[in-house]
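Values in this text are rule-based calculations from the coordinates and carry no lab data. Computed from a predicted structure; not experimentally measured. Every residue, glycine among them, receives a Cβ derived from its backbone with ideal geometry; neighbour counts consider all protein chains shown.
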Amino acid sequence: MIELLTSSSSMGKMIGFVCVFLLQLVALQTSADLALEHSFFAALDEDQNVNLYWNVSAEEKDIYFTVEAKTTGWIGFGISSGQGKMEGADIVIGWVKDGKAYFKDRHATGHTLPQVDSQQDYELISLKEENGKTIMKIKRKFDTCDSEDNKIEAGTTKVIYAYHPDDPSSEDEIQIHSPQNRGARSVMLLNSFEKVPTLPSDTETFEIRHNRTPVSASRTTYKCRVFEMPKFNEIRHIIKVEPVIQAGHEGMVHHMLLYECRRNFTRQYLNYSGECYGPNMPPAIAQCAGLATIAAWGIGGKEFYYPEEAGFPIGKEDSPKVLILEIHYDNPENKKEITDSSGLRFYHTKQLRKYDAGVLTVGAMVLDFMIIPPRQRSWKSTGVCSKECTREGFKDSTLPTGGINVFATLLHTHLAGRKIWIRHLRNGRELPNIVRDEHYDFNFQEFQLLQKKVHVASGDSLENVCIYNTQDRKTATKAGLGTEEEMCVSYVMYYPKVNLTSCRSADPSGFFSWKGRYIKEGDDTTKASFWTDTVNTGLKKAYEDSKQVHVFCTGTGSAPLSGLFRTSKPKPVVTIPNRVESSCGTVLVEESMGNRIAPGYMILLSVLFCLAVAIR
């Protein structure tokens with residue numbers, strides 16, 4: 001007989017171990033139950049001391065939150081005004097004391113106790129303590145029409161949290177949290193399927209990954225590797241793409257892009273792996289990088305599902321044969337001797353869907369014509385996909401009405417980016433934005449899934465708009481691939497697949513007009529002293545006054561569309577701006593394109609306004 005326990009001390013230790021184990025098991029079960037109750041989840045800190053679960057009712061415009069925190073004191077949760085700061089945040093604080101729940105809707109005016117709102121718009125569903133945790137379930141409208149609340153909108157939302165181990169003595173005396181018991185996280189609260197699509201039973205996968213690729217100790221590194229697409233005996237659809245990030249590199253792998261190479265790609269470069277866009281990059285590889293995008297992923301993003309009616313085609317005669325995976329590594333700590341094997345995993349099926357899907361790149365070309373001056377709070381840069389490009393590029397659409405249906409987008413700028421959206425223009429009329437992100441976060445880039453698919457007709461124009469903040473910079477920011485340089489580009493997911501793969505522009509006329517007037521011989525534009533307010537204002541006006549853009553439109557296989565590559569075309573002119581009626585009954589005119597609204601239309605608006613005033 002084996003003696004299991006030799007003393008009362010051993011018995012006590014064993015009982016203690018079992019109790020701890022059982023408590024952990026119960027806690028895990030609680031979290032598992034919450035996961036089953038909710039469609040969406042985000043850990044708000046790395047140790048998962050605070051977890052957020054939520055459900056969305058698009059029809060009722062309601063959102064249901066469950067905040068789970070490892071504390072038996074108070075917990076706070078809020079929607080920030082943009083950048084994850086406490087000031088200006090819409091906050092709720094709750095706790096349980098002596099079996100009674102305490103809860104209030106509040107707002108923060110600074111780093112002090114948030115004030116109680118005059119209008120309580122959060123509905124408390126339940127608030128309880130369980131297994132060393134506090135669990136708070138609440139509900140609110142997307143837009144409460146309360147000036148003390150922040151709206152919940154499509155795009156990035158910065159949520160904030162805080163907690164304390166002790167209960168407050170009263171609702172007016174809530175003790176301050178420690179620095180380690182607070183934080184912020186970017187999430188897309190309204191950006192998901194109502195349910196995750198089910199994958200077919202015959203779904204298979206393949207991976208496109210780097211293989212122990214050396215990462216430079218410098219802040220920014222772009223690494224490219226060439227792959228041959230796996231061969232298939234039949235046509236298949238890619239229906240899901242997910243990131244495969246090497247453990248420990250989650251903060252370093254900033255974004256990944258998979259491009260299609262030209263049909264005549266030189267096979268001797270099939271095993272190429274090296275730095276992108278450098279002097280040693282073979283021209284054959286440089287020609288395919290950056291034009292026809294197959295897949296894209298940004299930091300913080302999750303897996304991407306295609307809609308049930310579309311999938312990306314592989315195995316067809318015109319499907320991509322050679323691919324190049326570009327990974328942008330962001331290494332702010334200048335870590336050395338790093339190698340990485342991250343990449344993308346593709347799920348595919350032979351159960352074909354109704355439509356082939358494609359990816360369209362829109363925005364500004366990464367050229368010297370794009371400059372952002374220093375000390376700017378809100379500087380606008382744009383890139384146009386002209387009507388000429390969509391008219392030519394959508395010719396092979398299989399939709400009965402022609403054109404394409406957009407179902408998702410990935411918006412992309414760098415560190416100075418604050419907002420980004422895609423405007424939709426048709427025959428002088430501005431239609432609702434295809435997508436908009438008011439609180440862009442460089443370190444959180446995820447596909448926005450559109451609640452309703454947007455039809456872009458042949459002959460429509462698209463304008464990618466980026467807003468930058470350079471108040472902390474002493475000299476100009478130029479377009480470039482580096483983290484501290486800038487880009488203004490978006491990846492549009494759509495169906496049916498058409499010939500147009502990239503539709504971008506540059507504004508050399510505005511740039512050269514400004515350069516000829518403000519840059520004199522001997523001027524050093526790299527010095528802070530050059531960038532006076534007069535120079536900065538002059539650059540802004542030069543961009544606004546220019547009437548033409550150079551278009552860069554390419555088709556399948558990165559081939560330029562006939563007559564639409566580096567040719568000058570008129571900028572779109574808006575005569576009828578889009579009017580948006582909010583759920584609170586107010587009417588807003590969406591941000592215009594500066595001076596691009598026709599002068600005659602502005603005069604008409606002025607006359608109508610004066611008449612309205614006179615009648616009153």
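Could you list the chymotrypsin sites (Phe, Trp or Tyr not before Pro) in the range 210-270 that lie in coil according to DSSP, counting only those with at most 15 other Cβ atoms within 10 Å of their Cβ? Sites meeting the loop and neighbour criteria: Phe232. Packing here is the average count of other Cβ atoms within 10 Å per residue, and on that basis the peptides 78-91, 527-540, 51-64, 166-179, highest first, run 78-91, 51-64, 527-540, 166-179. Applying a DSSP loop filter and a limit of 15 other Cβ atoms within 10 Å to the chymotrypsin sites (Phe, Trp or Tyr not before Pro) in the range 98-197 leaves Phe193. Candidate cross-link partners of Lys85 among the aspartates and glutamates, defined by an alpha-carbon separation under 14 Å and a same-chain spacing of 8 or more, comprise Asp441. Using 1/(1 + (r/R0)^6) with R0 = 22 angstrom and r between the beta carbons of Tyr277 and Ile235, what's the FRET efficiency to the nearest 0.05? Calculated value: 0.05.
Karplus-derived 3J(HN,Hα) values for the range 569-579, using 6.51 cos²θ - 1.76 cosθ + 1.60 with θ = phi - 60°, are 9, x, 5, x, 10, 9, 9, 10, x, 6, 10 Hz; glycine and proline are entered as x.
Estimated from the Cβ-Cβ distance and a Förster radius of 60 angstrom, the FRET efficiency linking Gln48 and Thr534 is about 0.70.
For Cα Rg over 2.2 N^0.38 Å, the value calculated from this model appears in (i) 1.27; (ii) 1.07; (iii) 1.01 under label (ii).
Among the trypsin sites (Lys or Arg not before Pro) found in the range 325-360, those both in a DSSP coil and sparsely packed, with 15 or fewer other Cβ atoms within 10 Å of their Cβ, are Lys335, Lys336, Lys350, Lys354.
Note on Ile519 and Gln451: the extension gain reaches 19.7 nm, defined as 0.36 nm multiplied by sequence separation minus the Cα-Cα distance. Proximity of backbone amide H atoms, modeled 1.01 Å from N, is registered between Glu486 and Lys478, Ala479, Gly480 at under 5 Å, excluding neighbours fewer than 5 places apart on the same chain.
Using the alpha carbons alone, the radius of gyration of the range 146-201 stands to its Kirkwood radius in an Rg to Rh ratio of 1.18.
Ordering Phe304, Phe512 by the number of other Cβ atoms within 10 Å of each residue's own Cβ, fewest first, gives Phe512, Phe304. With neighbour counts taken as other beta-carbon atoms within 10 Å, the residues Ile138, Ile420 rank, fewest first, as Ile138, Ile420. Under 5 Å between amide hydrogens, built in the peptide plane, is the criterion, and for Glu438 it picks out Thr156 among residues at least 5 positions away or on other chains.
May I ask for the angle, rounded to the nearest 10°, between helix 533-545 and the longest principal axis of the chain, with both axes built from Cα atoms and the value confined to 0 to 90°? Roughly 70 degrees, rounded to the nearest 10.
The long axis of helix 599-615 is offset from the longest Cα principal axis of the chain by roughly 60 degrees. From least to most packed, judged by other beta carbons within 10 angstrom and beginning with the fewest, Val159, Val196 follow the order Val196, Val159.
A straight Cα-to-Cα reach below 17 Å connects Lys61 with the aspartates and glutamates Asp121, Glu123, Asp143, Asp146, Asp149, Glu153, Glu194, Glu581, residues fewer than 8 places away in its own chain not being considered.
In sequence order, the range 435-441 has phi-based couplings of 7, 8, 10, 7, 9, 4, 10 Hz under the Karplus curve 6.51 cos²θ - 1.76 cosθ + 1.60, θ = phi - 60°, and Gly or Pro positions carry x. Estimated from helical segments only, the mean residue ellipticity of the chain at 222 nm is -4500 deg cm²/dmol, where each DSSP H run of four or more residues counts as -39500 (n - 2.57). The residues neighbouring Lys302, those whose beta-carbon lies less than 10 Å from its own, together hold a net charge of -3 under the Lys/Arg +1, Asp/Glu -1 convention. Around the amide H of Tyr277, modelled in the peptide plane, lies no amide H under 5 Å away from a residue 5 or more places distant or on another chain.
Over 25 Å apart at the Cα level, from the set Lys380/Lys527; Lys321/Lys569; Lys380/Lys497; Lys70/Lys151; Lys151/Lys571; Lys395/Lys419, are Lys321/Lys569; Lys380/Lys497; Lys70/Lys151; Lys151/Lys571; Lys395/Lys419. FRET efficiency for the pair Lys321 and Asp172, taken as 1/(1 + (r/R0)^6) with r the Cβ-Cβ distance and R0 = 51 Å, rounds to 0.15.
For the range 510-524, 3J(HN,Hα) computed residue by residue from phi via the Karplus equation (6.51, -1.76, 1.60; θ = phi - 60°) reads x, 4, 6, 4, 5, 4, x, 8, 10, 9, 9, 4, x, 5, 10 Hz, glycine and proline entered as x. Computed from label points 7 Å out along Cα-Cβ, the spacing between Asp33 and Thr526 is 6.4 nm. Axis of helix 8-37 versus longest Cα principal axis of the chain: the two differ by about 40°, to the nearest ten degrees. Would you list, by chain and number, the lysines whose Cα falls below 18 Å from the Cα of Lys223, excluding same-chain residues fewer than 8 positions away? Qualifying lysines at Cα under 18 Å: Lys335, Lys336.
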